[in-house]
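A.B. asks: The following block contains the structure, expressed as structure tokens.
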Amino acid sequence: PDTVLVSAPARHPGAGFFNPTFSPLPIGDPNRGLENTKPPEYLTAASFDKRQALIDGFDRKFRERYPLQRVKQYSDFYTEATSLLTSGELKAFDLNEEKPEDRDRYGRDAFGQGCLLARRLIESNVQCVEVTCGGWDMHSSIYNGGTLPARAGIMDKAMGNLIKDLADRKLLDETLIVLTTEFGRSPVINYNAGRDHHPAVFSSVMAGGGIKGGQFYGKSDAAGHAVDEDGVAPADFNATIATALNLPLAEIVHSPTGRPFKVAHDGKVLSKLL
């Protein structure tokens, strides 16, 4: 697959406004890899081929009667799934291929194992891997034995080892790593010893392919309440990512309904980062 989604919530937008061909392959639990890929012992290769031929026979008549793009995409999913089932690349999804000490190094939590899986998929030429790390909606008791230090440690361990391994394998210069979120947390501690939603200021991290490391861009005020210098809009962020990946900013593509899009709308590229 071109795109793989690891540990994401069910509400993930998938392909968005575009057709299902662009939907990511979801992996719910990185420890379990790509499930339901091993055929039962009683199902021989010949029997499997007969079943596929039977499905195709039923579907062909339907496709001929309803020659719609969505119908074709449904059949294409079967073709792609069958191709993956018989591919030697399936082992990339199996974390049991890794040494126990390497799995420990990333952390045995979902995010750590997800980042390890991402490294394996990148080594197998998957173009885009998204790994979700949830649990940051901390409105109460985040310090003094609370959840924040533990979550930060989980992320630090996984991200650090992902960057290190990609660098050791000479893959970091051709792999863009982006760590981001949907909004920040309030600079003022609330009455429950937690932090509330704060979309006015938050940070993201970019590393690897196309990025000049060791710098920061933008600045908040002293309280972390508002942007003070060089604010970055989502379109600017997307434009910078697209430029690092050599994607055409000016090209217009269309959704199945004819809606026009550009990869970053009219965002400006943050050239200082590249």
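The values are calculated or read from the model by the stated rules, or taken from the named source; none is laboratory data. Keep in mind that what you see is a predicted model, and the values were worked out from it rather than measured. Every residue, glycine as well, gets a Cβ built from its backbone with ideal geometry; the counts of neighbours run over all protein chains shown.
A.B. asks: For the stretch 44-96, what are the residues that are surrounded by 11 or more Cβ atoms within 10 Å (Cβ to Cβ) and under 16 Å from Gly33 (Cβ atoms)?
C.D. replies: Ala81, Leu84, Leu85, Ser87, Glu89, Leu90, Lys91, Ala92, Phe93, Asp94, Leu95 - these are the residues of the stretch 44-96 that are surrounded by 11 or more Cβ atoms within 10 Å (Cβ to Cβ) and under 16 Å from Gly33 (Cβ atoms).
A.B. asks: Pull out all pairs, ordered by first then second residue, where Cβ-Cβ is under 6 Å, the residues are six or more apart or on different chains, the first lies in the stretch 112-139 and is closer than 16 Å to Asn161 by Cα, and the second is in a loop (DSSP other than H, G, I, E, B) and of a type in the set (S, T, N, Q).
C.D. replies: Gln113/Asn31; Gly114/Ser7; Ile122/Thr175
A.B. asks: Filter the stretch 203-217 down to residues that are in a loop (DSSP other than H, G, I, E, B), under 14 Å from Leu245 (Cβ atoms) and touching a residue at least 60 places away in the same chain (Cβ under 8 Å), then give me how many there are.
C.D. replies: 2
A.B. asks: While we're looking at this one, here's another question. Working only within the stretch 3-15, note down all residues that are assigned to a loop (DSSP other than H, G, I, E, B) and either without any contact (Cβ under 8 Å) to a residue 12 or more places away in the chain or out of contact with any Phe, Trp or Tyr (no Cβ under 8 Å at 6 or more places or on another chain) (or both).
C.D. replies: Ala8, Pro9, Ala10, Arg11, His12, Pro13, Gly14, Ala15
A.B. asks: Residue by residue through the stretch 175-209, note down the ones that are among the polar types (S, T, N, Q) and in contact with a Ser or Thr (Cβ under 9 Å, 6 or more places away or on another chain).
C.D. replies: Matches in the stretch 175-209: Thr180, Thr181, Asn190, Asn192, Ser203, Ser204.
A.B. asks: Kindly establish whether Gly57 is part of a helix (DSSP H, G or I) and modelled with pLDDT under 90.
C.D. replies: So Gly57 passes the test.
A.B. asks: Still on this structure, please answer the following. I'd like to verify a number: residues in the stretch 171-201 that are outside any strand (DSSP E or B), of a type outside the set (Gly, Ala, Ser) and more than 30 Å from Arg120 (Cβ to Cβ), how many?
C.D. replies: 11
A.B. asks: I want to confirm something. Restricting to the stretch 24-43 and keeping residues that are in contact (Cβ under 8 Å) with a residue 12 or more places away in the chain and out of contact with any helix residue (DSSP H, G or I) (no Cβ under 9 Å at 6 or more places or on another chain), which single residue is surrounded by the fewest Cβ atoms within 10 Å (Cβ to Cβ)?
C.D. replies: Selected residue: Gly28.
A.B. asks: When you go through Asp156, Asp165 one by one, which is the residue that is loosely packed, with under 12 Cβ neighbours inside 10 Å, within 20 Å of the chain's Cα centre (by Cα), not in a loop (DSSP other than H, G, I, E, B) and not small (Gly, Ala, Ser)?
C.D. replies: Answer to the selection: Asp156.
A.B. asks: Assess whether Asp196 counts as being in contact with a strand residue (DSSP E or B) (Cβ under 9 Å, 6 or more places away or on another chain) and surrounded by 13 or more Cβ atoms within 10 Å (Cβ to Cβ).
C.D. replies: Yes: the conditions hold for Asp196.
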